[in-house]
1. Within the stretch 27-49, what residues put their amide N at less than 15 Å from the label point 7 Å along the Cα-to-Cβ vector of Trp57?
2. Distance in nm between label sites at Leu28 and Glu42, each 7 Å beyond Cα in the beta-carbon direction?
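Derivation of every value follows stated rules applied to the coordinates shown; laboratory data play no part. Note that this is a predicted model, so its numbers are computed, not measured. Note that we place each Cβ from the backbone using ideal geometry, even for glycine, and neighbour counts take in every protein chain shown.
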Amino acid sequence: MSEFTYLSHRGRNLERMGKAALAPRTALGQQAAQRLTPQLHESLGLRGLAEATVFQWLWGWLTHLRRRGGAAPPVIRLLSG
């Protein structure tokens, strides 16, 4: 688990060697972006904000959390399943 989370940026590991990777399910990210975009339009007044931009931000945020160790084994099963 550490090779996919907080040790993913150090030395040789499965992700850097191209043997394995961990990423959120794209479909779930798109669903989240679809729900979040209208809320951002309404609450923050971000009218020109595209859904693709929200999806890209969510993907980057989840990747950042994963690399900092913010993934527990049940979360990893959910993301990789």
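1. 30, 32-49
2. About 2.5 nm, to one decimal.
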